[in-house]
Amino acid sequence: MHGRQPPDLYARFWMKISCALFLIFLTGCSSIFSGVDASSTHLTSPTATRPLPTYVPGSRSDGVVDNPSVMQLAKIQSIMAGMTLDQKLAQLIIVEYLGNSYAPTLQYMIAQQGVGGFLYQASNRNFNPPDNTIDNVAAFSRQAMKDAKIPLLIGTDQEGGLVNRLYAFHGYLPSAADMAATGDPHFAFNQGAMAAKWMLQLGINADLAPVVDVHTVDPPVLQSRMFGSTPATVATYAGAFLNGLQQNSVIGCLKHFPGLGAITSDPHAGLPTVYRSLAQLQSIDLAPYKLMLQKDHPAMVMSTDVLMPAIDPNLPAELSPKTINGILRQQLGYNGVVITDGLYMGGISQRWSLPQASVLSIIAGNDLIEGPYSVSQVAQVIAALKQALQQGQLTIERINQSVQRILLMKMQYGIIPA
């Protein structure tokens, strides 16, 4: 799934897939649309325990394959064949929600609009009482899964340190800088593995972590969220944390592509600019991705809102085809799921509306749009994507490409039954 592939990646499988599709239709695979109960998704009891696997850099013990099988592709193709355009476009959207009430807003976005998933964020008051207990959040996740026609990506940003979404349940957890300071990648692996087990107890199946930005400017805007000041150190410890997540059945995500280690302003407030040469970007900011994409197989990469004139002097990275399709997809050969950073952040929202930014992000090569938090915003994004299709800015083949990546990832991590 993650190697350098041509746009028609799966064309050579088509004849085999066609036969497999017929067999799968006979077995009624579309039953996954009927909803998912608590027993069919990664949701364990708070007291469940499982041994942690031994850390081996780059090893795979989770059963996830880098190249999807003919049968996996056949099942995904069969699911997509039964989807409407609205359902496909909604799969490209990951929402947030305000407060701790499931109904009516989040429930409508899931059950009626069919969004691809949602994020738990403590800053949105999602974990306020009574949703400050493991059992209550687990019940919340189960209800959301039950209402979803296609099983949900349920994520959060769990890094440890300053970005510790699990604080209400497990207290302080070490930051990236703390993990690297131990000098032991096994420590970072165990932190990732432990976080994965705790997230699964809450019904969370995706972690928007680890950070792979390289600390090269002081004082660092990201502070202790970075693992180190060299690409090798970052790749070693971020890779260990990522393996801890993914070998315990939680989707991991490298961020913030192409790199925030040299920014001097907060991207939440405006658009930071990094004036490095292309050679400097290749040897510093992009280097952890070169080291990790083929070795550690991240399920997702997050693009972000930073301007790097050496790559694209006009568009922020997450809206830039030169950055996503050009650097990440073509040069680095990544064919996994790319998710945007929050499109409501200042560097984007000061220039583009959420629907405009959403269309540009898909054109650029992203698969998942992160940022809508209301029913009306979801509707506006879907309408904007439809308009882009009608005007020829996007093609249905491009939409299908992203939907296929997203559903394959969900299947490979057990969110959609194989």
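Scan region 397-418 and report the pairs whose first residue is modelled with pLDDT under 95 and whose second residue is part of a helix (DSSP H, G or I) and among the small types (Gly, Ala, Ser), with Cβ atoms within less than 9 Å and a gap of 6+ or a chain change.
What qualifies is Pro417/Ser31; Pro417/Ser40.
In region 73-92, is there at least one residue being of a type outside the set (S, T, N, Q), touching a strand residue (DSSP E or B) at 6+ places or on another chain (Cβ under 7 Å) and free of Cβ contacts under 8 Å to residues at least 60 places away in the same chain?
no
Does region 373-390 contain any residue that is of a type in the set (Lys, Arg), in a helix (DSSP H, G or I) and within 24 Å of Pro316 (Cα to Cα)?
Scanning region 373-390 turns up at least one residue that is of a type in the set (Lys, Arg), in a helix (DSSP H, G or I) and within 24 Å of Pro316 (Cα to Cα).
So Leu162 ticks every box in (1) touching a Lys or Arg at 6+ places or on another chain (Cβ under 9 Å); (2) surrounded by 24 or more Cβ atoms within 10 Å (Cβ to Cβ); (3) among the aliphatic types (A, V, I, L, M); (4) over 24 Å from Ala139 (Cα atoms) but one. Which box is left unticked?
(2)
For Gln121, are the conditions met, namely being within 25 Å of Phe227 (Cβ to Cβ), crowded, with 17+ Cβ neighbours inside 10 Å and touching a residue at least 12 places away in the same chain (Cβ under 8 Å)? Quick ask: steps written out before the conclusion?
Numbers: within 25 Å of Phe227 (Cβ to Cβ): yes; crowded, with 17+ Cβ neighbours inside 10 Å: yes; touching a residue at least 12 places away in the same chain (Cβ under 8 Å): yes.
Answer is yes for this residue.
Is it true that some residue in region 291-299 is in a loop (DSSP other than H, G, I, E, B) and more than 27 Å from Thr236 (Cα to Cα)?
Scanning region 291-299, I find no residue that is in a loop (DSSP other than H, G, I, E, B) and more than 27 Å from Thr236 (Cα to Cα), so the answer is no.
In region 215-240, what count of residues is obtained for those that are more than 24 Å from the chain's Cα centre (by Cα) and either in contact (Cβ under 8 Å) with a residue 40 or more places away in the chain or crowded, with 19+ Cβ neighbours inside 10 Å (or both)?
Let us first name the residues in region 215-240 that are more than 24 Å from the chain's Cα centre (by Cα), namely 216-220, 229-230.
Cutting the leftovers down to either in contact (Cβ under 8 Å) with a residue 40 or more places away in the chain or crowded, with 19+ Cβ neighbours inside 10 Å (or both) gives us 216-217, 220.
Residues flagged as more than 24 Å from the chain's Cα centre (by Cα) and either in contact (Cβ under 8 Å) with a residue 40 or more places away in the chain or crowded, with 19+ Cβ neighbours inside 10 Å (or both) within region 215-240 amount to 3.
When you go through (1) out of contact with any Phe, Trp or Tyr (no Cβ under 9 Å at 6 or more places or on another chain); (2) in contact (Cβ under 8 Å) with a residue 12 or more places away in the chain; (3) surrounded by fewer than 21 Cβ atoms within 10 Å (Cβ to Cβ) one by one for Leu200, which number turns out not to apply?
It fails just one condition, (3).
Tell me, please, whether a residue that is of a type outside the set (D, E, K, R), surrounded by 24 or more Cβ atoms within 10 Å (Cβ to Cβ), in a helix (DSSP H, G or I) and touching a strand residue (DSSP E or B) at 6+ places or on another chain (Cβ under 7 Å) can be found in region 252-275.
no
The values are calculated or read from the model by the stated rules, or taken from the named source; none is laboratory data. In this text the structure is predicted, and so the values were computed from the model without any measurement. Cβ: placed from backbone, ideal geometry, glycine included. Neighbour counts: every protein chain shown.
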